[in-house]
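Down below is the structure, laid out as structure tokens.
The values are calculated or read from the model by the stated rules, or taken from the named source; none is laboratory data. Fair warning: this is a prediction, and the values are worked out from it, not measured in the lab. Note that we place each Cβ from the backbone using ideal geometry, even for glycine, and neighbour counts take in every protein chain shown. Side chains included, ligands, DNA and RNA excluded: accessible areas come from the protein's heavy atoms. Shrake-Rupley method; radii C 1.70, N 1.55, O 1.52, S 1.80 Å.
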Amino acid sequence: MKRLSHYRRHKAVAPLLLVIALFAIGTTFNVASASMKQSPSAFARSTQIDEGKQIFLKGCSTCHGLNLEGSAIAPSLIGVGAASVDFQVGTGRMPVADMSTQISRKDPVYNEEEVAALAAYVASLAPGPAIPTDAQLNYERDGSTAEGGELFRNNCAMCHNFAGQGGALTQGKYAPTLMGVEPKHIYEALVTGPQSMPVFSDKTLTPEEKLSVIKWIKAAEAEPNLGGATMGRVGPVTEGLLVWILGLGILIAVAVWLTTRAR
Amino acid sequence: MSNEIETFQDPGEAVHAPRAADVDPRAEKRAEQQVAALFGLSALGSLLLIYSYIWIPTDIFIFIPVMGDQNAHQLFLGLGMAMSLFFLGMAAILWAKKLMSDTEVVNHRHEFRSSNEDREEFVKTVKDGVAGVQLGRRKLIKASLAASMGLFALPPVLLLRDLGPLPGKELEKTSWKAGTRLVTDPGNRPILASDLEVGSVVQTLPAVAEGTERLLSDIAKDPVLLIRLRPEEFNLTPEKLAMTHDGIIAFSKICSHMGCAVALYEQQTKHLLCPCHQSTFDVTRGAKVIFGPAARPLPQLDITVDTEGYLVARAPFDQAVGPSFWERNSQ
Amino acid sequence: MTTVEKRLGAAANFVDERLGAAGWMKKSLNKVFPDHWTFMFGEICMYSFVILLLSGTFLTLWFDPSQRDVIYEGVYEPLKGIKMSAAYASTLDISFEVRGGLLMRQIHHWAANIFMAAIVAHLLRVFFTGAFRKPREFNWILGIVLLTLGLVEGLLGYSLPDDLLSGTGLRITSAIVQAIPVVGTYISFFLFGGAFPGVGFLPRIFTIHILLLPGLFLAVITIHVMLVWYQKHTQFPGPGRTEKNVVGHPILPVYMAKAGGFFFIVFGVTAFLSAVASINPIWLYGPYTPGQISAGSQPDWYMGWLDGLVRMAPPLETHAFGHTVSWNILIPALIVPGIVFTGMAFYPFIESWITGDKREHHLLDRPRNVPNRTALGVMSITFVLISLINGGNDIFATQFDLSINQIMWFSRISIFILPPIAFVVTKRLCLSLQRADRDLVLHGMETGRLVRMPSGEFAEVHEPISPQKRFILTSHEQAPALELPATDARGVRRPGALKNKLRIRLSKAHAVAVPKVSAQDLKEIEHH
């Protein structure tokens, strides 16, 4: 290094550096545009991070603080990782519209690129769980439905109900339905434990097991109604209501007809 | 009151108006056709049932608004059956209503009390009969009869004895012993303390030797829920705190109320909720009951790590897990 | 005589020469049944029971009530390779591999729900119209027995498929049994053949479910119906109807055609429900293991009120001398239902003690004319409804954006407050309706037609009601309250003064009424 620094005031240095820099930028751009879809290069990432920072400062920093440190009404985002941001913003939970008992799923405010930028920005400041790639999420190939069902009933059904329809928690909170949730977001929820949901670490619920759970949820979602209208797949409560309203209702109507005199 | 006031006379039934089918031959014909049409619909239903049973494959699904994707075989089989039965019934009722006689008939009632002569004769018969048995005089027979009848009632109860084993200490024991590893359920993998992040839960069972099958009656007592908090979040007595390991706390997953699996863990509030009857337990205070019908906290398992770093039980449960029972010492 | 008639005649002769049945049959076929739509509830019960027998028999042809472990290899993909009991596997096979099996399973389950709903509707009709009064107390008690049997039979049926939901139900049942002081643990071990879930429970409850209880049902239903037959059906008051007669259609042919037709209607409606609405999709629940649970685990609706009571119970246990008594289970699951059912069974006797009325009654009461009884009924319904809502509080919480804690506190408080309010409101409502009846008889029906009097004022024309209608509105009895002097004829105090006081108070409350119109009243008003 000493030798190199010795030349740093040489008059050829500036043009040479310029050439090198231009060359570097050029190649980076080439490489980046070639493989943009797969993994953004350092350059693209840095612009993405900048973009994410802008979005963050505009849309998130009021509550989560200028440096992700959080505030009285919002948690710190240091170390939550890209997965958490992708889940919260990608499912529309963030930015939050209604702060009452629970933040619920809605149409996302930001588009996919903006979500990715935000996630990259938050992840760039402190490491945390990453967004699973498509290759990691190939549940059709790597998961097993039956095993997933077993895992689901052990780890998920107590809150999300036997068919993933969701259920009640304490004080008005609830476990949301899992129907129509993207596999990526299910995976991220398992890894990050959003809101009331606990974390399912990769060591105790392995990535393959997570894929199996996702595969089972997708199978339950796609399952046609084998025995007729499902009435929400929430168990005997709706069945009881139907028996009184429709079952006994029709029978009483017929009984009234049966016992009135014909004209 | 009722005795003195003058009540209204029974005016008798209003004049019986004839039905359309009674007076109008065309209406009669129409009624007949209606009944026949209903019988026809019933027959159609039976045909639909037969057709569906034989010719509709069981793996075809059709979309029906409101109801969603339906299995065509099941749906049409059921609708055929419903039609065939329902319209058969409608036809019979319509027939009775429109074409059969609709004049009402009067039956008379009699008081149910038997006549005095009958009653007296009955009493006499019974008395004579009883006197013939001479129970009053035959003291010995009476005593031995009572004894034999009493003993006779015992065998049927006794014969049911082998329905099951005696409880013994069965409800107070679980498979947990000092040094038993906690393994994931399902998966049977041992767990390192470092495998759990703060805020994570693991459903666990005690490790069993390779190849052994767990009995359901063991699974009814053994499940343990592992939860990791930040150690400073605990608000436990020193003894209970000593039973945790590095922020990891272990509770029996079997509800102390009626034995459902209490596994609804709310990470933010640190509350455990039982989905059956909504007993709520506060994890930070050693699963103290804060809501609902449960009367006792969930039993806590004393855990530590073994030489390889895997989580193990340091001691068995210090009390019976699951719902209460008479012999349980809960003090 | 046609050949058919000849042949039938010969057959009838053959039977009658051996059984002498003609006399009895002749009388029976002439029996009449009064018509009213509420009289059909009992028939719905009976027909649902027949449907249950038929569909249940179909299911037993394939069901294997065994707790033996098997690995599922059937057609339902999401459970392939999973270890489960033979009972659960065979239920899956019935659902997916027996054609019409799923339909039959659903018919069986819907019919059970309709059966119980119709029993409750029938019970309410009998209660509110006073049909349980002398001489029908036996049949009232048999009805309570059938209701109780139905609850048990339904619970066992719910438990048989051995899916996650039914196992959860059994877990709770075992906890209730265990909570019985002194002998509970032993009974539980004997029932289950060991510690829960035991090894022999399913085959045992299968035998009880398909043999013992249906046998009992059949016997009790037969007696129940034979008593209705023998005592003849009650009828609503009306012109031409008295305590001494019964007016209606004869068995042959009208009643038989209607009742027979109605059987097919009930069966048809059950089949329709089973075709279009899924019930208990056991394949989604997965096999039972005690370590798993689903959010929103409820019993079927007729047990839901008990579950709701258990949910709202206070966290009470007594720990003393090395023993535990779980009041949080005993009170809601055994003591309260015990009181409710015993109270129901004894009600006919309680009411006749209050009114001192020991006569036979074959004419039904209009509910408004017995405000106290009607109010008591509505009070009980309110109690059960609150419990039932609390039994589904988690579902209601998520569907209506409420919190389970709110619903639970609402139930805990209102279970004490709302039933008495319901009593008072209903009683007042009944009295208002009586007043309306009185006005109707006195002033006739409002026609909505306005006329201008010669004096210039407007008045609405009232039309007198028909004599038939007037008779219906005034034919009921208004018995005065009991008078029980505290001393007898010789001035000696009667024993049981406190009991007498209570009886007099209850009797007074029972006799509250708006005086009905007498013939004099009407004459007087017509004079003016």
Tell me the residue from A:VAL256, A:VAL191 that is open to solvent by 10 Å² or more (accessible area, probe 1.4 Å), over 30 Å from C:LEU102 (Cα atoms), more than 11 Å from chain C (Cβ to nearest Cβ) and part of a helix (DSSP H, G or I), please.
A:VAL191
Do we find a residue being surrounded by 23 or more Cβ atoms within 10 Å (Cβ to Cβ) and more than 7 Å from every other protein chain (Cβ to nearest Cβ) anywhere in region A:222-235?
no
Are any of the residues in region A:204-221 crowded, with 23+ Cβ neighbours inside 10 Å and outside any helix (DSSP H, G or I)?
yes
If you go through region B:44-54 one residue at a time, do you hit one that is within 30 Å of B:PHE76 (Cβ to Cβ), within 11 Å of chain C (Cβ to nearest Cβ) and more than 39 Å from the chain's Cα centre (by Cα)?
no
Among the residues of region C:486-504, write down those that are open to solvent by less than 100 Å² (accessible area, probe 1.4 Å), free of Cβ contacts under 8 Å to residues at least 12 places away in the same chain and not basic (Lys, Arg).
C:THR487, C:ASP488, C:GLY491, C:VAL492, C:GLY496, C:ALA497, C:LEU502
Of the residues C:GLY496, C:GLY491, C:GLY456, which is over 30 Å from C:ASP357 (Cα atoms) and out of contact with any helix residue (DSSP H, G or I) (no Cβ under 8 Å at 6 or more places or on another chain)?
C:GLY456
Could you please find all residues in region C:246-260 being in a helix (DSSP H, G or I), at the interface with chain B (Cβ under 7 Å from one of its Cβ atoms) and out of contact with any Phe, Trp or Tyr (no Cβ under 8 Å at 6 or more places or on another chain)?
C:PRO253, C:VAL254, C:LYS258, C:GLY260
Which condition does C:ALA313 not pass, out of (1) on the phi < 0 side of the Ramachandran plot; (2) open to solvent by 40 Å² or more (accessible area, probe 1.4 Å), if it passes all the others?
(2)
Quick check, is B:SER148 part of a loop (DSSP other than H, G, I, E, B), among the polar types (S, T, N, Q), away from every other protein chain (no Cβ under 12 Å) and surrounded by fewer than 13 Cβ atoms within 10 Å (Cβ to Cβ)?
no
Regarding region B:225-236, can at least one residue be identified that is under 27 Å from the mean Cα position of the chain (by Cα) and either surrounded by fewer than 17 Cβ atoms within 10 Å (Cβ to Cβ) or closer than 17 Å to B:VAL183 by Cα (or both)?
yes
Residues (open to solvent by 50 Å² or more (accessible area, probe 1.4 Å) and either hydrophobic (A, V, I, L, M, F, W, C) or within 30 Å of C:ALA436 (Cα to Cα) (or both)) located in region C:321-339:
C:PHE321, C:TRP327, C:ILE331, C:LEU334, C:ILE335, C:ILE339
Within region B:86-106, identify whether any single residue is assigned to a strand (DSSP E or B), touching a strand residue (DSSP E or B) at 6+ places or on another chain (Cβ under 8 Å), facing another protein chain (nearest Cβ under 7 Å) and not hydroxyl-bearing (Ser, Thr, Tyr), and answer yes or no.
yes
Kindly establish whether C:PHE196 is more than 13 Å from the chain's Cα centre (by Cα), farther than 22 Å from C:SER294 by Cα and within 14 Å of chain B (Cβ to nearest Cβ).
no
Selection from region A:56-94 of residues that are open to solvent by 40 Å² or more (accessible area, probe 1.4 Å) and outside any helix (DSSP H, G or I)
A:LEU66, A:ASN67, A:GLU69, A:SER71, A:ALA72, A:ILE73, A:PRO75, A:SER76, A:ILE78, A:MET94
If a residue has to be not aliphatic (A, V, I, L, M) and not in a helix (DSSP H, G or I) to count, how many in region C:334-366 make the cut?
9
Kindly provide the set of residues from region B:76-85 that are within 7 Å of another protein chain (Cβ to nearest Cβ) and open to solvent by 30 Å² or more (accessible area, probe 1.4 Å), ordered by number.
B:LEU79
Counting only residues in region C:434-448 that are open to solvent by 50 Å² or more (accessible area, probe 1.4 Å) and of a type in the set (D, E, K, R), the one modelled with the lowest pLDDT is identified as C:GLU446
Selected residue (criterion: nearest to the other protein chains (Cβ to nearest Cβ)) from residues of region C:378-406 that are over 21 Å from the mean Cα position of the chain (by Cα) and either over 22 Å from A:ARG233 (Cα atoms) or of a type in the set (D, E, K, R) (or both):
C:ASP394
